[in-house]
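Chemist: A single structure is presented below for examination.
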Amino acid sequence: MSEQDLNAIFLTLKLAGLSTIILLLVGTPIAWWLSRSKFKYKFLVEAFLTLPLVLPPTVLGFYLLLALSPVGLAFSFTGLVIGSVVYSLPFVVGPLQDTFVSLGNRPLEVAATLRAKPMDQFFSIVLPLSRSGFITGGVLGFAHTLGEFGVVLMIGGNIPGVSQVLSISIYDHVESMNYQEAHVLAAGLMGLSLLMLIIVYFVNKRFKVVKL
């Protein structure tokens, strides 16, 4: 395995890790609002947030490129992080929203009778009861970022050490007919992705939302 491939692996893990942290921080309040809001047109917000699931990555990457270029973030690691967060947001918000909805109102009503403030209710009750949703959302967000190609290529190009992630490195090896190196990287990525899916299914089976 070449040094360039090792750099691509490190960059991919760094991108996935940082993006996942941001996704959880950003996705949590969004998911909480979606699970509790009575806003009449909430479905429009949900449709907009879910758009990356059905939109071709190159289309999303193209418009992100237009948005990031004027501020100098295109073809940079920061630009990749922004693109990854936008692209993977539904994979984090969805599990969190489902978990929050499944909690129901009863736990919060009980806490309110004990004079717990909304913030205390969220951190003391909602978060512990929603651990499966956070694990699932975090793992899915991380795994989805690992396999990004179209969005990353559009907004980051193929700059070694800057924007050349694992998926692009595999494509380069295939394009140059270096199938052995491509197989090593692809098999590793597939194995890691499978492991994370196993974790998701195990967590969903092991931890169930507790209703009071």
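We did not get these values from a lab; they are worked out from the coordinates using the rules stated. All values derive from a computational prediction rather than experimental measurement. Cβ placement follows ideal geometry from the backbone for every residue including glycine, while neighbour counts extend to all protein chains displayed.
Chemist: Given the pairs K14/K40; K14/K42; K42/K205; K14/K117, which span a C-alpha to C-alpha distance of over 32 angstrom in this model?
Modeler: K14/K40; K14/K42; K14/K117
Chemist: Among (1) 17.6, 49; (2) 19.8, 62; (3) 19.4, 67, find the value of Rg and Dmax of the Cα atoms in Å that was calculated from the structure presented, and write down its label.
Modeler: The listed entry that was calculated here is (3).
Chemist: Same structure again: With Cβ to Cβ distances under 13 Å as the rule, what net charge do the other residues near L153 carry (K, R +1; D, E -1)?
Modeler: Around L153, the surrounding residues sum to -3.
Chemist: With runs of 4+ DSSP H residues as the only contributors, calculate the mean residue ellipticity of the chain at 222 nm using -39,500 (n - 2.57) per run, divided by the residue total and rounded to the nearest 500.
Modeler: -25000 deg cm²/dmol
Chemist: The chain: longest stretch without exposed trypsin sites (Lys or Arg not before Pro) (DSSP loop, at most 13 other Cβ within 10 Å), sites themselves excluded?
Modeler: Here the longest segment lacking exposed loop sites spans 116-207.
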